[in-house]
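See structure below.
The values are calculated or read from the model by the stated rules, or taken from the named source; none is laboratory data. Computed from a predicted structure; not experimentally measured. Cβ atoms come from the backbone with ideal geometry, glycine included; neighbour counts cover every protein chain shown. SASA here: full protein model, heavy atoms, side chains in, ligands and nucleic acids out. Shrake-Rupley method; radii C 1.70, N 1.55, O 1.52, S 1.80 Å.
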Amino acid sequence: MILSVKKFGSIGITGVYAGYTNHLNIGAVMENGIRLIGNGQAPVLKYWEELLQKIQSGEIDPTIMLSHRIDLEDVAKAYRIFDAKEEKMMKVFVQTKFSDPPAKGTPSLTRL
């Protein structure tokens, strides 16, 4: 059914579904009347070359969205902070032992 629908088409699912289907809890979706919309992949390949050139030339600076740099061990704490919308946490760089030092203009390590 899904493969027969045109791009950006719609599917209506009727019936009684319980449990998981392909790791999706379809039973909960159906039971709660949840409507799935706006699902799909970002068209990364369409824009990749153009955006990469703009980043390399300095026209676009993607580092402006980074709000925090944390250690890998602090991911669980950072998730709680992010989920609670605290400390203005927006986009987080997770530092591992293989990470380079912070780039100029990016956040230094935040201890949580």
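Cβ-Cβ contacts under 6 Å between residues 6 or more apart (or on different chains), taken from a first residue in region 89-102 that is of a type outside the set (A, V, I, L, M) to a second residue that is loosely packed, with under 13 Cβ neighbours inside 10 Å, are listed as K91/M65; T96/L72; P102/S108.
Filter region 54-89 down to residues that are in a loop (DSSP other than H, G, I, E, B), of a type in the set (A, V, I, L, M) and more than 13 Å from T110 (Cα to Cα) and give me whichever is farthest from the chain's Cα centre (by Cα). Result: I60. Remark: pairs (first residue in region 57-68, exposed (fewer than 10 other Cβ atoms within 10 Å of the Cβ); second residue at pLDDT below 95; Cβ separation under 6 Å; 6+ apart in sequence or on different chains) = M65/K91. The residue pairs whose first member lies in region 2-18 and is within 14 Å of I34 (Cα to Cα) and among the β-branched types (V, I, T), whose second member is modelled with pLDDT under 75 and part of a loop (DSSP other than H, G, I, E, B), and whose beta carbons are closer than 9 Å, counting only pairs six or more residues apart or on different chains, are I11/M1; I13/M1.
For region 72-85, the criterion of a residue being surrounded by 10 or more Cβ atoms within 10 Å (Cβ to Cβ), within 29 Å of K97 (Cα to Cα) and hydroxyl-bearing (S, T, Y) is satisfied by at least one position. The set of residues in region 23-45 being assigned to a loop (DSSP other than H, G, I, E, B), modelled with pLDDT of 75 or more and open to solvent by 80 Å² or more (accessible area, probe 1.4 Å) consists of H23, N32, I34, R35, L36.
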